1. Taking region 7-24 on its own, how many of its residues are in contact (Cβ under 8 Å) with a residue 24 or more places away in the chain and either polar (S, T, N, Q) or open to solvent by 50 Å² or more (accessible area, probe 1.4 Å) (or both)?
2. Can you name every residue in region 112-140 that is farther than 21 Å from Asp95 by Cα and open to solvent by 40 Å² or more (accessible area, probe 1.4 Å)?
3. If you go through region 218-241 one residue at a time, how many are crowded, with 24+ Cβ neighbours inside 10 Å and among the polar types (S, T, N, Q)?
4. Assess whether Glu74 counts as being modelled with pLDDT of 95 or more, crowded, with 16+ Cβ neighbours inside 10 Å and either out of contact with any Phe, Trp or Tyr (no Cβ under 6 Å at 6 or more places or on another chain) or over 29 Å from Met197 (Cβ atoms) (or both).
5. Before we move on, is Tyr154 among the aromatic types (Phe, Trp, Tyr) and open to solvent by 10 Å² or more (accessible area, probe 1.4 Å)?
6. Considering only residues of region 45-71 that are more than 14 Å from ligand 2 (Cβ to nearest atom) and in a strand (DSSP E or B), which is surrounded by the fewest Cβ atoms within 10 Å (Cβ to Cβ)?
7. Every residue in region 170-202 that is surrounded by fewer than 16 Cβ atoms within 10 Å (Cβ to Cβ) and either closer than 22 Å to Leu109 by Cβ or within 12 Å of ligand 2 (Cβ to nearest atom) (or both), please.
Amino acid sequence: MIILRSRAEIEKIRTSCAIVAEILDRLVEQIKPGVTTLDLNAISEDLTSKKRARPAFKGYHGYPYALCASVNEEVVHGMPSKHRRLKAGDIISLDYGVVFDGYFGDAALTVPVGEISEAAVKLCTVTEECLYEGIAKAVAGNRLSDISHAIQDYVEQRGYSVVREFVGHGIGQHLHESPQVPNYGPPGRGVRLKPGMVLAIEPMINAGQADVQVLEDQWTAVTLDRELSAHFEHTIAVTENGPLILSKRENRFTKLYG
Ligand code: MF3
Ligand code: CO
């Protein structure tokens, strides 16, 4: 069942998303060679408690950290580690979620560590852009898979591949609610979008093949070919006036690094 959220509920989700957006901004400021992904996890936990919020991922199906930090060939669910020290040329995807006053917010972005290759810049740019292509289809009257198709089409036309194993999701009083939002598929399928639907749209895009593999830690998903992967996510609401990005941040990748 897809829950339609009232104006007041959407504002609550927006409050949680604003906390997530601010924490992601703070984390991005800390990204530099020498920092470990466990350091970033500690910062995210600290900022979250200062906001009187709770990390959404910690304890979710037993996930032991607040932050997902996925470096280079890691696609999603990268487990923070004191052994994973960032180095110049890496890209890192930061995925964060909180719950505040009963409502969840969820967002992700990929950023460079120091100077990165032209190929890495292009991958991140296309991944952020395809997210916005998907969001543009989150319009009342469209079908759910219009979002999915727009993302896939944009990505594949540029020679990249869409990860199939993980999908976006409804969000509200739980981190994951109905419906699932795949990043691929034919247009015109699935439920008709209605004002009040709140979705986390989160394309994971690979430079090489689409296939992924989950490591022995049971969480960290990596590309099978060990090529780079990027991930961007926004929580959005379908409204009478079109899509509303609830987890909006100041700056886009393209503007900062593109
Ligand atoms: N944004 C991701 C998702 O919605 C993060 C979840 S990590 C988990 O699936 F640990 F909570 F699973
Ligand atoms: Co999500």
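The values are calculated or read from the model by the stated rules, or taken from the named source; none is laboratory data. Given the structure is predicted, the values throughout are model-derived calculations rather than measurements. Glycine also receives a Cβ, built like all others from the backbone with ideal geometry; neighbour counts cover every protein chain displayed. Only protein heavy atoms, including side chains, enter the accessible area calculation; ligands, DNA and RNA are left aside. Shrake-Rupley method; radii C 1.70, N 1.55, O 1.52, S 1.80 Å.
1. If we filter region 7-24 for residues that are in contact (Cβ under 8 Å) with a residue 24 or more places away in the chain, which is where we start, we get 9-10, 12-24.
Among the residues that remain, those that are also either polar (S, T, N, Q) or open to solvent by 50 Å² or more (accessible area, probe 1.4 Å) (or both) are: 12, 14-16, 18, 22.
Counting residues in region 7-24 that are in contact (Cβ under 8 Å) with a residue 24 or more places away in the chain and either polar (S, T, N, Q) or open to solvent by 50 Å² or more (accessible area, probe 1.4 Å) (or both) gives 6.
2. Of region 112-140, the ones farther than 21 Å from Asp95 by Cα are 115, 117-119, 136-140.
Once the filter is applied, which keeps residues that are farther than 21 Å from Asp95 by Cα and open to solvent by 40 Å² or more (accessible area, probe 1.4 Å), region 112-140 yields Glu115, Ser117, Glu118, Ala119, Ala136, Lys137, Val139, Ala140.
3. The total comes to 2.
4. Details: modelled with pLDDT of 95 or more: yes; crowded, with 16+ Cβ neighbours inside 10 Å: yes; either out of contact with any Phe, Trp or Tyr (no Cβ under 6 Å at 6 or more places or on another chain) or over 29 Å from Met197 (Cβ atoms) (or both): yes.
Spelling it out, Glu74 is indeed modelled with pLDDT of 95 or more, crowded, with 16+ Cβ neighbours inside 10 Å and either out of contact with any Phe, Trp or Tyr (no Cβ under 6 Å at 6 or more places or on another chain) or over 29 Å from Met197 (Cβ atoms) (or both).
5. Numbers: among the aromatic types (Phe, Trp, Tyr): yes; open to solvent by 10 Å² or more (accessible area, probe 1.4 Å): yes.
It is true that Tyr154 is among the aromatic types (Phe, Trp, Tyr) and open to solvent by 10 Å² or more (accessible area, probe 1.4 Å).
6. Out of the qualifying residues, it is Arg54.
7. His174, Gln180
Residue-wise test of (1) within 28 Å of Pro186 (Cβ to Cβ); (2) modelled with pLDDT of 95 or more; (3) more than 17 Å from the chain's Cα centre (by Cα).
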residue: Asp106; (1), (2), (3): yes, yes, no
residue: Val113; (1), (2), (3): no, yes, yes
residue: Val126; (1), (2), (3): yes, yes, no
residue: Tyr132; (1), (2), (3): yes, yes, no
residue: Arg158; (1), (2), (3): yes, yes, yes
residue: Val167; (1), (2), (3): yes, yes, no
